[in-house]
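Down below is the structure, laid out as structure tokens.
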Amino acid sequence: MVAGAALTAALTLGALPGIAGSAGPTPASVLDPSTFQSVQVPAFASTEIAVEPLDAAFRAAGPLDAATQLTEPAKAPKRVVPTRPSVSVPAPHGGSAQKPPRYSISGKASFYDNGTTAMRLPRGTTVIICGAGGCIERIVNDYGPAEWAGGGGRIVDLYRPDFFAICGCASWSGITQVTVAVY
């Protein structure tokens, strides 16, 4: 046991000489100034350097120039074009993804050059308005229409291009029958 402890201490001192104190810092030495040589470079010295041609003994047997073609003895690599993975797409289903309307109202529509208005619906309500010429989906942006003499049950005013898109009538018409689905 004592021999093992002594051996461990001896190995520790040999492995860590700096910690054990066997080596110390070297003293600072002064360099001899005579080892340096003074060099003077004139300011007007030429910067061109003349290079002599190489000795013919150091030239290669086949020197390279701009017309030299380099080839490697091997087969041409095969180009591998990765294919796109096939994706299975579910079949389309019949029907509509649109939710059913809360309710529908029928009446007359006229045109109004400032957007879609509905007297019984608040702003921001989504409606689908259908007439003889087709259907459009719009968002109510104002309160209206204002009743006027002979208005006769108008429920919605439409932007002029929207009115003629759904009315299926002549350009001189002013009122058409519509159904408004409220969402």
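The values are calculated or read from the model by the stated rules, or taken from the named source; none is laboratory data. Since we're looking at a predicted model, the values are computed, not measured. All Cβ positions, glycine included, derive from the backbone under ideal geometry; neighbour counts span all protein chains shown.
Give me the residue from region 101-144 that is under 37 Å from the mean Cα position of the chain (by Cα) and not in a strand (DSSP E or B) and, out of that set, modelled with the lowest pLDDT.
Selected residue: Gly115.
Quickly run through region 112-142 and pick out the residues that are in contact (Cβ under 8 Å) with a residue 40 or more places away in the chain and exposed (fewer than 12 other Cβ atoms within 10 Å of the Cβ).
Asp113, Asn114, Ala132
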